[in-house]
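The values are calculated or read from the model by the stated rules, or taken from the named source; none is laboratory data. Keep in mind it's a predicted model, so treat the numbers as computed, not measured. All Cβ positions, even for glycine, are placed from backbone atoms using ideal geometry, and neighbour counts span all protein chains on display. Ligands, DNA and RNA are stripped out before the accessible areas are found, and what is left, the full protein with its side chains, is counted by its heavy atoms. Shrake-Rupley method; radii C 1.70, N 1.55, O 1.52, S 1.80 Å.
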Amino acid sequence: ICFIAVCAQDDDNGENETDADQLCENRPADEYFRLSTDGDCREVVRCDMNADNAVTRLAAVKCPTGLAFDLDRQTCDWKTNVKNCDQLEKPRKVQPIFKTDEPQCPDGKLLCGNGECLDKELFCNGKPDCKDESDENACDVDSDPNRAPDCDPTQCVLPDCFCSADGTRIPGNLEPANVPQMITISFNGAVNIDNIDLYEEIFAGTRANPNGCQIRGTFFVSHKYTNYSAVQDLHRRGHEIAVFSITHKEDPNYWSQGSYDDWLAEMAGARLIVERFANITDGSIIGVRAPYLRVGGNKQFEMMADQFFVYDSSITASLGRVPIWPYTLYFRMPHKCNGNAHNCPSRSHPVWEMVMNELDRRDDPTFDESLPGCHMVDSCSNVQSGDQFGRLLRHNFNRHFNSNRAPLGLNFHASWLKSKKEFKDELIKFIEEMLARNDVYFVTHLQVIQWMQNPTELNGLRDFQEWKEKCDIKGQPYCSLPNSCALNTRELPGETLRLFTCMECPNNYPWILDPTGDGFSVRK
């Protein structure tokens, strides 16, 4: 998927003004639409109000060659993926009427688009109740009438709740100079022979934080092709294991529009598989990341609260002057719902959001043009060499360290780090450079939350108990020769998959309807 490319505004000559006024009536300013279905589907326009003379113009945008503009998703994509080249605009949905000069409905009720009054709690509950279905059409973070309230620091107090108006406040109101710069290194995907050696090298037992404990990472594990004996050993050595789904289905809408039961099966099911086959019995699998970072709105977070997941780490925050600290979702999120198919949770949820601050990927931040940020290091597509990667790491470290010291998230797919030896070497060099200081800690997502719940100044961190658990692990893996189970499942016909585990082999390959692998009965 590509960022929208060349932007060119129409000449400001009164000819098109009437047309523009008609086309732009009741149309959101950020919505792109086509003037014609002729041509190659690359050109769209949006309405642009000139603040000086209140004239509406059409700003034209053209996708790069080979791409087409997808009206539904409002972005350029490969032409084969775009199915709406024959349409001029996004389908219009009937909107409810929340603002009227005089009250039209009794207290506790709201107005549907067709003029009927319904109970406020029926709006945005996932099923249409208005005859015109308008009660489900204005449900984002800004418009859901049952949305979480704005941050109220008198009500939201640590250790269970943390929020600030713009998301940049330091927990405990500490001075930045007294705050440890936490860095989280996380990996998404299967853990197996393709990447175990990389993890061994990065997290070599010789690298320790200033408190003497080994550096730690967080692994968002997807199920297929994962070696669970390797996951068991990562956990033994104090790394955090979190879940990234069972199926990792490629259809992004499966995630964005997933039901409560879909999220339950994928994430609680993935946790069950990891606990059973990596023998993790301490209740420490508490984090979720959505595949493709396609957040599942309120349904995902309702499921997480019911299943005692503590945090999500899928919501991205656009590149800003000051990065954002993680926050709880009891109150409204403190930044725009960026990317994520705009399906961030609008309601109040007792869940932490380990927000993914975008990285600034400009090669020369003092000179380069403005570039959109990137949330996974491997999506910083302009980083092609080890030197560029090193500059990216150091520049973003300085952005966090010299402002509010919000945790710096380095999120990877292992395959990117392995694609060039210089990337891995540069990351290790950066880690060692940071560890030579006394104010930087490489910690897990859970350790970030533990610090935020009990903000502790740098000079007291050597005795910070929550960071002393599994401080310096030695010894051997639980089993040097795991069982190699060749398994099938009726859910994946024709596939034989290997499951590596120190535990007994199950009867079937664990999958979404049968996460234990014990077998399942077909529902009659």
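Identify the residue in the stretch 403-416 that is of a type outside the set (Phe, Trp, Tyr) and in contact with an Asp or Glu (Cβ under 8 Å, 6 or more places away or on another chain) and, among all such residues, is farthest from Thr168 (Cα to Cα).
Ser415
Please count how many residues of the stretch 300-330 are open to solvent by less than 10 Å² (accessible area, probe 1.4 Å) and assigned to a helix (DSSP H, G or I).
Of the residues in the stretch 300-330, 4 are open to solvent by less than 10 Å² (accessible area, probe 1.4 Å) and assigned to a helix (DSSP H, G or I).
Look through the stretch 105-142, keep the residues that are in contact (Cβ under 8 Å) with a residue 40 or more places away in the chain and buried (at least 17 other Cβ atoms within 10 Å of the Cβ), and return whichever of them is farthest from Tyr330 (Cα to Cα).
Ranking the qualifying residues of the stretch 105-142, first place goes to Ser134.
For the structure I just gave you, tell me whether Asp378 is in a helix (DSSP H, G or I), at pLDDT below 95 and open to solvent by 20 Å² or more (accessible area, probe 1.4 Å).
Numbers: in a helix (DSSP H, G or I): yes; at pLDDT below 95: yes; open to solvent by 20 Å² or more (accessible area, probe 1.4 Å): yes.
Yes.
Is it the case that Pro210 is over 25 Å from Gly297 (Cα atoms) and touching a Leu at 6+ places or on another chain (Cβ under 8 Å)?
For Pro210, the condition - over 25 Å from Gly297 (Cα atoms) and touching a Leu at 6+ places or on another chain (Cβ under 8 Å) - is met.
Return only the number of the condition from (1) at negative phi; (2) in a loop (DSSP other than H, G, I, E, B) that Arg405 does not satisfy.
That leaves (1) as the condition not met.
Would you say Arg405 is at pLDDT 95 or above, buried (at least 18 other Cβ atoms within 10 Å of the Cβ) and not small (Gly, Ala, Ser)?
On the way: at pLDDT 95 or above: yes; buried (at least 18 other Cβ atoms within 10 Å of the Cβ): yes; not small (Gly, Ala, Ser): yes.
Yes; evaluated as a whole, the condition is true for this residue.
Please state which of the following conditions Asp197 fails to meet, knowing it meets all the rest: (1) within 28 Å of the chain's Cα centre (by Cα); (2) touching a residue at least 12 places away in the same chain (Cβ under 8 Å).
Only one criterion in (1) within 28 Å of the chain's Cα centre (by Cα); (2) touching a residue at least 12 places away in the same chain (Cβ under 8 Å) is unmet by Asp197, namely (2).
Could you grab me the full set of residues in the stretch 25-43 that are open to solvent by 90 Å² or more (accessible area, probe 1.4 Å) and modelled with pLDDT under 85? Full working, then the answer.
Filtering the stretch 25-43 down to residues open to solvent by 90 Å² or more (accessible area, probe 1.4 Å) leaves 25-26, 30, 35, 38, 43.
Of everything in the stretch 25-43, those that are open to solvent by 90 Å² or more (accessible area, probe 1.4 Å) and modelled with pLDDT under 85 turn out to be Glu25, Asn26, Asp30.
Exactly one of these conditions fails for Leu264: (1) over 26 Å from Gln476 (Cα atoms); (2) open to solvent by less than 10 Å² (accessible area, probe 1.4 Å). Give me its number.
Single failed check for Leu264: (2).
With the stretch 412-503 as the region, which strands (runs of 3 or more DSSP E) entirely inside it contain at least 2 residues that are open to solvent by 60 Å² or more (accessible area, probe 1.4 Å)?
Numbers: elements: 440-442, 483-487, 497-501.
Where strands (runs of 3 or more DSSP E) fall fully within the stretch 412-503 and carry at least 2 residues being open to solvent by 60 Å² or more (accessible area, probe 1.4 Å), they are 497-501.
What are the residues in the stretch 152-188 that are within 19 Å of Phe464 (Cα to Cα) and either part of a helix (DSSP H, G or I) or open to solvent by 50 Å² or more (accessible area, probe 1.4 Å) (or both), if any?
Leu158, Pro159, Asp160, Pro171, Gly172, Asn173, Glu175, Pro176, Ala177, Asn178
Sort through Arg347, Arg391 and tell me the only one that's closer than 30 Å to Ala138 by Cα and open to solvent by 30 Å² or more (accessible area, probe 1.4 Å).
Values: Arg391 fails: closer than 30 Å to Ala138 by Cα.
Unique residue meeting the criteria: Arg347.
Among the residues of the stretch 88-95, are any over 25 Å from Asp135 (Cα atoms), touching a Lys or Arg at 6+ places or on another chain (Cβ under 8 Å) and surrounded by 11 or more Cβ atoms within 10 Å (Cβ to Cβ)?
Within the stretch 88-95 (the criterion being over 25 Å from Asp135 (Cα atoms), touching a Lys or Arg at 6+ places or on another chain (Cβ under 8 Å) and surrounded by 11 or more Cβ atoms within 10 Å (Cβ to Cβ)), the answer is yes, since at least one residue qualifies.
Looking at (1) buried (at least 16 other Cβ atoms within 10 Å of the Cβ); (2) under 28 Å from Tyr260 (Cα atoms); (3) in contact with a Pro (Cβ under 9 Å, 6 or more places away or on another chain), which is the only condition Cys76 fails?
Condition not satisfied by Cys76: (2).
Would you say Lys336 is within 19 Å of Lys249 (Cβ to Cβ) and open to solvent by 30 Å² or more (accessible area, probe 1.4 Å)?
So Lys336 fails the test.
Considering (1) surrounded by 12 or more Cβ atoms within 10 Å (Cβ to Cβ); (2) not in a loop (DSSP other than H, G, I, E, B), say which one Gln22 fails and leave the rest.
(1)
Give Ala60, Ala148, Ala68 a once-over and let me know the one that is on the phi < 0 side of the Ramachandran plot, touching a residue at least 60 places away in the same chain (Cβ under 8 Å) and open to solvent by less than 80 Å² (accessible area, probe 1.4 Å).
Ala148 is the lone residue from the list that is on the phi < 0 side of the Ramachandran plot, touching a residue at least 60 places away in the same chain (Cβ under 8 Å) and open to solvent by less than 80 Å² (accessible area, probe 1.4 Å).
With respect to Lys224, is the statement that it is within 30 Å of Cys105 (Cβ to Cβ) and of a type in the set (Lys, Arg) true?
No.
Out of all the residues in the stretch 116-141, which are touching a strand residue (DSSP E or B) at 6+ places or on another chain (Cβ under 9 Å) and assigned to a helix (DSSP H, G or I)?
Lys120, Leu122, Ser134, Asp135
Report yes if Cys485 is closer than 24 Å to Ile280 by Cβ and modelled with pLDDT under 95, otherwise no.
no
Checking Pro365 against (1) touching a His at 6+ places or on another chain (Cβ under 7 Å); (2) closer than 29 Å to Thr328 by Cα, which single condition isn't satisfied?
Exception for Pro365: condition (2).
Can you tell me which residue in the stretch 274-299 is least open to solvent (accessible area, probe 1.4 Å), limited to those that are over 12 Å from the mean Cα position of the chain (by Cα) and within 23 Å of Arg147 (Cβ to Cβ)?
The extreme case among them is Asn298.
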